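Okay, structure first, notes after.
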Amino acid sequence: MSKTKKKKNPERPLTRWVYFTKTLYHDPASTMEFTYGKTIYVKSEELQQIESDNKRINTLLLLALFVMFYIGAQFQNIWVFLLYIVLVVAGQGLRLMHLPKDIKAHLTDTGRRKR
């Protein structure tokens, strides 16, 4: 009987939530490709348009960050910071809701793999 090695971290299926978390800290609209599990996917035109719209949401959240720091420094009030946290959570929730539920329908496997 041969020994088989188990993967330590088995890949989760690609869902809307996984796609959202993988693209949270960078600008996904700047590239036409998405890599997950060493597989390189090409994004559909519709997904690229959605990401472009989400880029506007992120810009507004960044602008709100600057306003929050200015107002927070002036008034030194915790409620300003709590309001900003609520605004960020709502903005990121809106960004998540814009993504299509079946994300794999908008990604095409290129057949290329990352090493």
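The values are calculated or read from the model by the stated rules, or taken from the named source; none is laboratory data. This structure is a prediction, so every number in the text was calculated from the model and none was measured. With ideal geometry, Cβ positions are generated from the backbone for all residues, glycine too; neighbour counts draw on all protein chains shown. To get the accessible areas, we keep the full protein, side chains included, count just its heavy atoms, and leave off ligands, DNA and RNA. Shrake-Rupley method; radii C 1.70, N 1.55, O 1.52, S 1.80 Å.
Side notes on the structure shown:
Residues are listed down the side, and each one gets a yes or a no for (1) at pLDDT 85 or above; (2) open to solvent by 50 Å² or more (accessible area, probe 1.4 Å):
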residue: T4; (1), (2): no, yes
residue: W17; (1), (2): yes, yes
residue: P28; (1), (2): no, no
residue: F34; (1), (2): yes, no
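- Residue match in segment 43-59 (condition: open to solvent by less than 80 Å² (accessible area, probe 1.4 Å) and part of a strand (DSSP E or B)): yes
- Check on I85, exposed (fewer than 13 other Cβ atoms within 10 Å of the Cβ), of a type outside the set (S, T, Y) and more than 19 Å from S30 (Cβ to Cβ): yes
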